[in-house]
Structures are given as C-alpha cells and as structure tokens.
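Participant: Provided herewith is a single structure, encoded as structure tokens, for subsequent inquiry.
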Amino acid sequence: MIFSDNVLSQKLERTEGRANASFVATRARLDAKIGASWIEVGGAYAMFDGVESPLTQTFGLGVFEETTSAHLDEIETFFKDRDAPVFHEVSPMAFPTLMPLLNERGYRPIELTSVMYKQMDVDEMEEARKNPDISTRIIDEGEAETWARLSASGWAADYEGLADFMFNFGKISTRCDGAFPYLAELRGEPVSTGMLFIFDDVCLLAGASTVPSARNMGAQSALLRARLSFAAEKGCKVAMMGASPGSQSQKNAQKNGFHIAYTRTKWQLFG
C-alpha cells in the first residue's frame, strides 16, 4: 500500500523535477540562445527555460530538507539574474516552516494542482473502452516535428496564440532523455499525442493533446493504457500525472485508477 506522505511526495516531486530538468538540458543543447539552465538548492530543482516558459520555476522546495532564507536567496538570485519571475511548486508535505517563510518574503499562492498517482500493479482500463479504429505507438526517430505539430494543433484549438509556442515546446520534448512520445491514430491518421517520461521506477504522463475532430473517440484513453502498459514492462511501480482540481482531466484520471496524492500550491514572488 502506498500512503500519501513525505516519502511519496519526494518520489513524485523528484520525478517531475527530473523530467523538467531533462527538458531544460535538451533546450540548452538545441537552442543555446535562450540560456536554459537549472540548479539544485536545498533539494529543490530550480529551472530556467525562458522568461515565459511554464518550466521556469522550482520543484521539490522544502520536501527533501528544510528550506532556509539562504536557500531562497540563492534561488531568487538565479531567477532574477535572468530577469525571470520566481515561482515555486510546493507540496503540502513540505516542512511546515516553509509557508510562513514564503509569506514573510512576499510570496502569494496563485495556482493549485492535483498531483495524482497510480500503483502499476492495479489492473488497467476496461477492455470495453477500446475503440478498434484507434491504434497507438511510440513515434519513429524522424517524426519529432509531426508529433510537435499535432500536439500544437490540439492545444491551439483551446488556447489562442499557443500554436507556435507549443510547436517549439513539442520539438524539444520529443528529444529529451527519458522521454517516450506517443501518437494515437484513427484509422491510420494521427489525431492525438501523449508523452511518457520514465525515471527509475516512476513514470510521468504528460503532453495530452487531441485535434478537435477526433475528440471523445477514446484516443486519450488508448494512449493512457498504452503508456501505462509500456511503463510497467520497463519496471515502473508508480505512475503520476498532474491536473487542475476538479477538471475533466482529473476525473478521467480517477476513472482510470489514479488517486489524488495531494494538492500542490504554486507560489509567486511579488515585489
């Protein structure tokens, strides 16, 4: 049995931190002009992937060791030297001294995320949910741009102005260490994407995107099932993903055996 405690939080936060650090390292290799880099301070990973990137933040603050003012001085300098805002994703399993410290320094909570997990020995989704017209696979080496373009088109349908950003983001994602980019095809036509990261015995599911014309046909369910099966074959014991509290993504994950480990708070430094 897995309990929602600091041990689980360390495992999940480190996995997400490693996935993001892998992305940042890949960005630095492929697009040096952005100056992407990351550091570890007090057990937390602080990452810079550009001023407007959602990856420019920390993971694991206060979970591995008690955060001090000196830790925050170093992290804040890292971001401010790059003219970037300062964000921390904070687990409720962090040391209790962290919250008053953040308040004292001018941080405010701005966002919540349901961090979800699934034990890999639990039976996967019901066979009845399969759509026989949908197949899934890991992309071939030369399909990075195809995957990125498809992912971007799904996101752009819901969020105006995201197409170029998500296309470039996707091209980096497919080349990260530990990444396995998946496609779902409807009668042979690519319609949906999903990403899988594997680090040690934990996998992270992300990158879910489906073109509007193929939604509600089971593509994402098929991708979820395929990624979990592959990860189990690779020896993963736990799967994780994040979702907005109460969102359809959270509900879909819960329908497929995921449990809420905890609700994480994103803090921003003001002033």
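The values are calculated or read from the model by the stated rules, or taken from the named source; none is laboratory data. Because the structure is a prediction, the values reported are computed rather than measured. Heads up, the Cβs are rebuilt from the backbone with ideal geometry, glycines too, and the neighbour counts pull from every protein chain shown. Please note that ligands, DNA and RNA were not included when accessible areas were found on the heavy atoms of the full protein model with its side chains. Shrake-Rupley method; radii C 1.70, N 1.55, O 1.52, S 1.80 Å.
Participant: Do we have any residue at all in segment 24-37 that's in a loop (DSSP other than H, G, I, E, B) and at pLDDT below 95?
Facilitator: Yes, segment 24-37 contains a residue that is in a loop (DSSP other than H, G, I, E, B) and at pLDDT below 95.
Participant: Quick one: which strands (runs of 3 or more DSSP E) sit completely within segment 165-271 and have at least 3 residues that are over 20 Å from residue 139 (Cα atoms)?
Facilitator: Fully inside segment 165-271 and qualifying: 238-243, 259-269.
Participant: Would you check if residue 137 is more than 19 Å from the chain's Cα centre (by Cα), at pLDDT 95 or above and open to solvent by 40 Å² or more (accessible area, probe 1.4 Å)?
Facilitator: So residue 137 fits the description; yes.
Participant: Taking segment 208-252 on its own, how many of its residues are touching a strand residue (DSSP E or B) at 6+ places or on another chain (Cβ under 8 Å), farther than 24 Å from residue 14 by Cα, surrounded by 13 or more Cβ atoms within 10 Å (Cβ to Cβ) and of a type in the set (Ser, Thr, Tyr)?
Facilitator: Going through segment 208-252 one residue at a time, the tally reaches 2.
Participant: Do you know which residues across segment 245-271 are at pLDDT 90 or above and of a type in the set (D, E, K, R)?
Facilitator: 251, 264, 266
Participant: Residues in segment 147-159: is at least one open to solvent by 30 Å² or more (accessible area, probe 1.4 Å), free of Cβ contacts under 8 Å to residues at least 40 places away in the same chain and in contact with a Gly (Cβ under 7 Å, 6 or more places away or on another chain)?
Facilitator: No: zero hits.
Participant: Which ones in segment 19-40 are charged (D, E, K, R) and surrounded by 20 or more Cβ atoms within 10 Å (Cβ to Cβ)?
Facilitator: Hit for segment 19-40 is 27, nothing else.
Participant: Separate question: Going through segment 9-44 one residue at a time, which ones are closer than 23 Å to residue 72 by Cβ and basic (Lys, Arg)?
Facilitator: 14, 18
Participant: Also, quick follow-up: What is the number of the single condition among (1) touching a residue at least 12 places away in the same chain (Cβ under 8 Å); (2) surrounded by fewer than 20 Cβ atoms within 10 Å (Cβ to Cβ); (3) closer than 29 Å to residue 237 by Cβ that residue 114 does not meet?
Facilitator: (2)
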